[in-house]
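S.K.: Submitted below is the structure of interest, expressed as structure tokens.
The values are calculated or read from the model by the stated rules, or taken from the named source; none is laboratory data. Treat the numbers as computed from the prediction; the structure is a model and nothing was measured. Glycine gets a Cβ as well: all are built from the backbone with ideal geometry, and neighbour counts include every protein chain shown. For accessibility, only protein heavy atoms count, side chains too; no ligands or nucleic acids. Shrake-Rupley method; radii C 1.70, N 1.55, O 1.52, S 1.80 Å.
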Amino acid sequence: GYTAYTSGGTVRPAFIEVDTHTAPWDLEVSWNAAAGADSYNIYREEQGLYSFIGRTDRLEFQDNFIDADVSDTAPVATDPFEEGAGFWPSTTGFFQQRQIYANSDTFPNRFWMTQTGVFYNFATSSPLRDDDAIIATLAARRINEIRHVIPLSDLVILTSGAEFRIKGAGDNAFTPSTINIKPQSYYGSTALRPIVAGDVALYLSPGNFVRELAYEFAADKFTGRDITVLARHLLDYSEIVDWGFAPSPYDLIWLIRDDGTALVLTYQNEQEVYAWTRATTQGDFKSVTVVREGDIDV
């Protein structure tokens, strides 16, 4: 007789149980419509598990002793962040129709993936299904906090001390049973948000190194090539505090140093063009943003 209470947020049940004493070969269940639902899955308890017996787009279902599929069970609702402060994630991203959360104070090297196509659902089934939620931890030489989630041809996760590639079996989408985590390099990333330029990403590693995160077929891995090597004098003895990418029409990356100086990197990866210069004014630069105006990035 009691309903759920919440002081904020939303309660999301994974399924609703109906108790009946009707004979199993003549059982009819009905329910009220759920907002936004196109169809409903029906499960019957078999040996302690709720096993799938049918799907309907109506608000009633007739169970004429249908054989239950014990390999397809009702999802179990999970909220990995329900314990509150210390367990909330600090970064997020999207890949293969899943939303990915990562890096809580308690688990800095852990990430959580929602069910496929359902960005707030962490339900799992027994046995596991391919579209179930995924929870994984980056096990490496040391515990590094996850700082960025980058969707490229594969999912790439940048941490404070290493870069990781996440993929499934072969070229297939990853699932709870096929997820494969491989370290790519051990440069590490700062907190500054990476830039995605075409099919590569640029990130800032400790020491003010701008690195190019690109897939190399010969090595079958993502590499972090340093593209500041030709202009180290522009980045030594200062910190990059902000940057932005203006791809149209000149492929310019604007970088702001903590001393108020602005740098400009002309970056055309496919032509192997990396050209550095300064941008000067009578004042100081504090931050930068890029806005699309028509066909031009300003």
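S.K.: Pop out the carbon and sulfur fraction of the accessible area of the range 217-298 as a percent, whole number, probe 1.4 Å.
M.R.: Taking all protein chains in place, the range 217-298 shows 50 percent carbon and sulfur surface.
S.K.: Starting from the residue with the highest accessible area, list LYS221, LYS182 in decreasing order, probe 1.4 Å. Could the numbers behind the result be given before it?
M.R.: On the way: LYS221 70, LYS182 105 Å².
From most exposed to least exposed: LYS182, LYS221.
S.K.: If you scale each eigenvalue of the Cα gyration tensor by 5 and take the root, what three semi-axes come out for the range 58-205, rounded to whole angstrom and sorted largest first?
M.R.: 33, 17, 14
S.K.: Straight-line reach from LYS286: which aspartates and glutamates have Cα under 13 Å away, leaving out those fewer than 8 places along the same chain?
M.R.: Leaving aside aspartates and glutamates fewer than 8 places away in the same chain, those within reach of LYS286 are GLU239, ASP242, ASP258, ASP259.
S.K.: Just want to confirm a number: the relative contact order over the range 221-286, from Cα pairs under 8 angstrom separated by 6+ residues, in percent.
M.R.: This gives 22 percent for the range 221-286.
S.K.: If the cut-off is 24 Å between C-alpha atoms, which lysines fall inside it for LYS221, apart from same-chain ones fewer than 8 positions away?
M.R.: Within the straight-line limit of under 24 Å, LYS221 reaches these lysines: LYS167, LYS182.
S.K.: Next question, about the same structure. Work out the length of the dipole vector of the chain about its Cα centre, built from +1 on the beta-carbon of each Lys and Arg and -1 on the beta-carbon of each Asp and Glu, and round it to the nearest 20 debye.
M.R.: Result for the chain is approximately 1200 debye, rounded to the nearest 20.
S.K.: Amide H of ALA279: which non-local residues (sequence gap of 5 or more, or other chain) have their own amide H closer than 5 Å, using H built in the peptide plane?
M.R.: Sorted by chain and number, the residues that satisfy this are ALA262, LEU263, VAL264.
S.K.: Still on this model: Along the Cα-to-Cβ line of ILE143, 7 Å from the Cα, sits a label point; which residues in the range 171-207 have backbone N less than 15 Å from it?
M.R.: none
S.K.: Return one whole number: the accessible area per residue of the range 130-262 in Å², for a 1.4 Å probe.
M.R.: On the way: 6140 Å² over 133 residues.
Computed with neighbouring chains in place, this is 46 Å² per residue.
S.K.: Just reorder HIS148, HIS233 by solvent-accessible area, largest first, 1.4 Å probe, all chains present.
M.R.: HIS233, HIS148
S.K.: A further question on this structure: Starting from the alpha-carbon convex hull of the chain, give the projected area averaged over all orientations, in nm².
M.R.: Over every viewing direction, the Cα hull of the chain projects on average to 21.9 nm².
S.K.: Could I have the simple spin-label model distance between THR178 and ALA77, label points 7 Å from Cα toward Cβ, reported in nm to one decimal?
M.R.: 3.1 nm
S.K.: Same structure again: Roughly how much of ARG232 is accessible, in Å² to the nearest 10, using a 1.4 Å probe?
M.R.: Approximately 50 Å² of ARG232 is accessible to the 1.4 Å probe.
S.K.: Let me ask something additional. Within the P(r) computed for the range 119-189, what percentage of the Cα pairs occupies the region above 17 Å?
M.R.: Summing the P(r) of the range 119-189 above 17 Å gives 47 percent of all pairs.
S.K.: Right, next: Please compute the Kirkwood hydrodynamic radius of the range 214-285 from all pairs of different C-alpha atoms, in Å with one decimal.
M.R.: Result for the range 214-285, one decimal place: 13.6 Å.
S.K.: Can I ask one more? Using label points projected 7 Å from each Cα along Cα→Cβ, tell me how many nm separate LEU230 and GLU45, to one decimal.
M.R.: A separation of 7.0 nm, rounded to one decimal place.
S.K.: Using a 1.4 angstrom probe on the protein heavy atoms only, could you order GLU82, GLU60 from most to least accessible area? Before the final figure, lay out the partial values.
M.R.: Details: GLU82 140, GLU60 70 Å².
Heavy-atom accessible area, descending, gives GLU82, GLU60.
S.K.: Could you state the orientation-averaged shadow area of the convex hull built on the Cα atoms of the range 77-160, in nm² to one decimal?
M.R.: About 5.8 nm², averaged over all directions.
S.K.: Let me spell out the model: positive unit charges on the Cβ of Lys and Arg, negative unit charges on the Cβ of Asp and Glu, origin at the Cα centre of the range 244-298. What dipole size does that give, in debye rounded to 20?
M.R.: Roughly 200 debye for the range 244-298.
S.K.: Taking a spot 7 Å from the Cα of VAL290 along the direction of its beta carbon, which residues of the range 166-199 have an amide N less than 14 Å from it?
M.R.: The answer is 193-199.
S.K.: Got a number for the accessible area of LEU49? Probe 1.4 Å, square angstrom, nearest 10.
M.R.: Near enough 70 Å² of accessible area.
S.K.: May I ask you to list the chymotrypsin sites (Phe, Trp or Tyr not before Pro) in the range 207-289 that are in a DSSP loop and have at most 13 other Cβ atoms within 10 Å of their Cβ? Mind showing how you got there, number by number?
M.R.: Numbers: sites: PHE209, TYR215, PHE217, PHE222, TYR237, TRP243, PHE245, TYR250, TRP254, TYR267, TYR274, TRP276, PHE285; in loops: PHE217, TYR237, TYR250, PHE285.
When the chymotrypsin sites (Phe, Trp or Tyr not before Pro) of the range 207-289 are filtered for loop state and at most 13 Cβ neighbours within 10 Å, PHE217, TYR237, TYR250 remain.
S.K.: Sticking with this one: Need one number for the range 256-296: average projected area of the convex hull over its C-alpha atoms, nm².
M.R.: Over every viewing direction, the Cα hull of the range 256-296 projects on average to 4.1 nm².
S.K.: Moving on. Given 0.36 nm per residue, what is the gain on full extension from ARG58 to VAL70 after removing their alpha carbon distance, in nm?
M.R.: 2.0 nm
S.K.: Moving on. Scan the range 103-204 for chymotrypsin sites (Phe, Trp or Tyr not before Pro) in coil per DSSP, keeping those whose Cβ has at most 15 other Cβ atoms within 10 Å, and list them by number. Intermediate results must be reported in sequence, preceding the final value.
M.R.: Numbers: sites: PHE111, TRP112, PHE119, TYR120, PHE122, PHE164, PHE174, TYR186, TYR187, TYR203; in loops: PHE119, TYR120, PHE122, PHE174, TYR186, TYR187.
Hits after loop and neighbour filter: PHE119, TYR120, TYR186.
S.K.: Per residue, how big is the convex hull of the range 43-120 when only Cα atoms are used? Give it in Å³. Intermediate values should be presented prior to the final figure.
M.R.: Details: hull volume 11.4 nm³, N = 78.
For the range 43-120, the hull spanned by Cα atoms encloses 146 Å³ per residue.
S.K.: Just grab the label-to-label distance for THR3 and PHE119, each label 7 Å out from Cα along the Cβ direction, in nm (one decimal).
M.R.: 2.7 nm
S.K.: So, counting K/R as plus one and D/E as minus one, what does the shell of residues with Cβ under 10 Å around GLY168 add up to? Write out the running numbers ahead of the final one.
M.R.: Details: positive: LYS167; negative: ASP130, ASP154, ASP171.
Around GLY168, the charge tally is -2.
S.K.: What is the sum of charges, Lys and Arg at +1 and Asp and Glu at -1, for the other residues whose Cβ falls under 15 Å from the Cβ of ASN121?
M.R.: -2
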